[in-house]
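Enquirer: Before I ask anything, here is the structure I am working with.
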Amino acid sequence: MRNKAGMSAPVLQLTPLGRWHKKQFLADGLVRRRAELASRSVASSSFQAPKGTRDIFAPQSTRQRTLIDLFADTVERANYGQISTPIFEEIGVFLRLGESTDVVTKEMYDFEDKDGRHMALRPELTASVVRAFVQHRPTLPWKVWYEGPQFRYEKPQAGRYRQFTQVGIEALGTSDPELDVEVISLAADFYQRLGLRDVTLLLNSLGDPTCRPAYLEALETYFRDRIGDLSEQSAVTLETNPLRVLDSKRPQDQPIIDDAPLMADYLSPELTEHFGRVRSGLDQLEVSYELSPRLVRGLDYYTLTTFEFAANALTSSQNAVGGGGRYDGLAASLGGPDTPGIGFALGVDRILLACDAEGTFPEPTTAPDVFVIDVSGANVALSLTAELRTAGFTADRAWDNRSMKAQMKASDRSGAPYGLIIGEDEVAANSVTVRDLRGDTGQQLVARDDLISTLLGLLDPK
Ligand code: HAM
């Protein structure tokens with residue numbers, strides 16, 4: 001620390017006791033502040049999930065997990081292994097997403113940790129995966145898949161949340177255009193396995209640092225010549241990244257964007273060939289696509305092949321159910337070796353909305369197979385439910401030694417197809433009454449030793 005005369009100010013040296021007092025002082029402050037907040041919260045209304053976030057519980061949570069399992073199955077068939085990275089990283093990892101992107105400038109949940117490090121909740125996973133690649137240097141090609149929550153401080157609306165879930169893959173280590181085809185077709189396969197029919201794949205090539213500067217220059221000149229007609233926001237964006245102006249959805253900008261120069265006219269012969277091979281590979285696998293020469297995507301790391309999936313059943317402003325592309329410079333920009341990479345991320349929340357709109361991939365049933373009604377007074381439910389679960393059935397029970405009538409009501413509410421009733425007579429006969437709760441086959445008394453085989457005849461254990 002320097003004083004006005006430029007001299008170093010003496011650093012106050014604390015004795016161990018002094019350090020203890022300082023720590024204690026800070027800790028007391030923290031405790032006081034927390035108590036204040038707690039009393040304020042109790043006095044005000046009850047807590048709600050933060051704006052832009054949702055509580056997800058069964059059957060929606062089961063549906064989401066089934067979707068993730070289906071995704072894992074799809075990509076693991078192509079030899080992608082699961083990766084799990086921290087939910088927060090040093091903010092520098094994410095600054096590579098682009099100085100002029102909303103994700104970095106407006107939407108990052110960043111904070112200082114207790115040691116004064118500047119951290120951020122991840123807004124996406126590609127940067128984290130590439131950070132992990134640079135840190136661990138696995139053998140190439142490296143193919144990974146992931147799932148998990150992402151955080152962006154966006155204006156919430158249907159299909160746009162501040163915490164949302166993505167599934168995705170990343171593949172590092174080769175520029176082979178057939179890898180682009182593999183990656184894109186895996187996403188298309190997944191949508192198909194979900195039963196989604198009306199999803200359009202939009203495809204573009206964004207060039208690379210050898211040919212993009214000439215394009216950016218042409219684009220900048222074009223927009224500067226028309227700056228008076230552009231929206232105010234796009235005129236500001238033009239100062240940092242002319243490419244991002246193409247991303248504007250504002251009606252005032254559309255006629256200008258429609259006539260803007262195209263990247264395709266500036267691609268080098270090698271990149272034109274790369275893009276051609278991606279297209280012919282997609283044709284070979286019968287993955288249909290639309291060329292979208294103005295698709296730029298919302299993150300700055302993209303090079304060459306870029307793509308987005310639009311679910312036509314959703315309203316057009318939030319209909320992107322996934323997107324991705326190549327990011328051949330990202331590993332080097334995070335301090336690693338120059339390593340090409342490509343991947344995609346799909347928005348789970350939006351995919352489920354699209355499934356609802358198309359009437360596919362319904363919510364799974366979460367009712368148990370059996371519900372135990374124990375009025376014997378002999379705690380049979382405790383051991384019987386354990387035995388049934390070991391045998392592979394989902395089993396639930398009533399609590400609090402309630403009356404037969406109350407337990408029957410609880411079993412009806414559970415949605416279980418069979419009730420297992422144990423009263424004093426059943427205990428005396430070492431048996432269980434199996435009652436059909438949904439159909440009309442009535443009930444039967446089954447010896448306790450035959451119960452599992454009887455249930456196996458009635459139900460498929462999950
Ligand atoms: P992204 O386009 O920013 O790309 O996000 C991918 C998908 O996540 C979107 O298409 C959308 O379905 C979903 N998504 C994004 N923001 C929200 C939100 N606020 N609420 C709900 N869903 C949302 C990426 O994240 C890149 N990391 C993709 C990638 C992987 N590129 C290369 N590898």
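Enquirer: Do any residues in the range 340-351 that are under 11 Å from Arg160 (Cα atoms) have Cβ atoms under 7 Å from those of residues that are among the hydrophobic types (A, V, I, L, M, F, W, C) and within 6 Å of the ligand (Cβ to nearest atom), where the two are at least six apart or on different chains, and which pairs are they?
Expert: Gly347/Phe164; Gly347/Val321; Asp349/Phe164; Arg350/Val321
Enquirer: Hey, can you tell me all the residues within the range 390-410 that are assigned to a loop (DSSP other than H, G, I, E, B), of a type outside the set (Ser, Thr, Tyr) and out of contact with any helix residue (DSSP H, G or I) (no Cβ under 6 Å at 6 or more places or on another chain)?
Expert: Gly392, Phe393, Trp399, Asp400, Asn401, Arg402
Enquirer: Taking the criterion of being farther than 30 Å from Leu70 by Cα and among the β-branched types (Val, Ile, Thr), would at least one residue in the range 388-401 satisfy it?
Expert: no
Enquirer: It is to be established whether one or more residues within the range 122-130 are more than 30 Å from Ser280 (Cβ to Cβ), small (Gly, Ala, Ser) and touching a Phe, Trp or Tyr at 6+ places or on another chain (Cβ under 9 Å).
Expert: Yes - at least one qualifying residue is present in the range 122-130.
Enquirer: While we're looking at this one, here's another question. Do you know which residues across the range 279-323 are in a strand (DSSP E or B) and either surrounded by fewer than 18 Cβ atoms within 10 Å (Cβ to Cβ) or more than 14 Å from the ligand (Cβ to nearest atom) (or both)?
Expert: Glu290, Leu291
Enquirer: Quick check on the range 155-186: of everything there that is out of contact with any helix residue (DSSP H, G or I) (no Cβ under 8 Å at 6 or more places or on another chain) and near the ligand (Cβ under 10 Å from one of its atoms), which residue is nearest to Ala72 (Cα to Cα)?
Expert: Val183
Enquirer: Residue by residue through the range 201-250, note down the ones that are outside any helix (DSSP H, G or I) and touching an Asp or Glu at 6+ places or on another chain (Cβ under 8 Å).
Expert: Those that are outside any helix (DSSP H, G or I) and touching an Asp or Glu at 6+ places or on another chain (Cβ under 8 Å): Leu201, Leu202, Leu203, Asp208, Leu230, Ser231, Asn241.
Enquirer: Give just the number: which of (1) surrounded by fewer than 17 Cβ atoms within 10 Å (Cβ to Cβ); (2) touching a strand residue (DSSP E or B) at 6+ places or on another chain (Cβ under 8 Å) does Phe133 not satisfy?
Expert: With (1) surrounded by fewer than 17 Cβ atoms within 10 Å (Cβ to Cβ); (2) touching a strand residue (DSSP E or B) at 6+ places or on another chain (Cβ under 8 Å) applied to Phe133, the lone miss is (1).
Enquirer: Go through (1) crowded, with 17+ Cβ neighbours inside 10 Å; (2) acidic (Asp, Glu); (3) modelled with pLDDT of 95 or more for Asp102 and report which single condition fails.
Expert: Evaluating Asp102 over (1) crowded, with 17+ Cβ neighbours inside 10 Å; (2) acidic (Asp, Glu); (3) modelled with pLDDT of 95 or more leaves (3) as the failure.
Enquirer: Within the range 216-239, which residues are more than 25 Å from Ala320 (Cα to Cα), touching a residue at least 12 places away in the same chain (Cβ under 8 Å) and either within 33 Å of the chain's Cα centre (by Cα) or in the same structural domain as Glu308 (by TED's automatic domain parsing) (or both)?
Expert: Selection gives Leu216 alone.
Enquirer: Any idea which of Leu382, Leu388 is touching a residue at least 24 places away in the same chain (Cβ under 8 Å) and among the hydrophobic types (A, V, I, L, M, F, W, C)?
Expert: Being touching a residue at least 24 places away in the same chain (Cβ under 8 Å) and among the hydrophobic types (A, V, I, L, M, F, W, C) holds for just one of Leu382, Leu388, which is Leu388.
Enquirer: Right, another one. Name, by its number, the condition in (1) in a loop (DSSP other than H, G, I, E, B); (2) more than 9 Å from the ligand (Cβ to nearest atom); (3) assigned by TED's automatic domain parsing to the domain that holds Gly207 that does not hold for Phe275.
Expert: So Phe275 meets the others, but not (1).
The values are calculated or read from the model by the stated rules, or taken from the named source; none is laboratory data. Predicted, not measured: the structure shown is a model, and the values here were computed from it. All Cβ positions, even for glycine, are placed from backbone atoms using ideal geometry, and neighbour counts span all protein chains on display.
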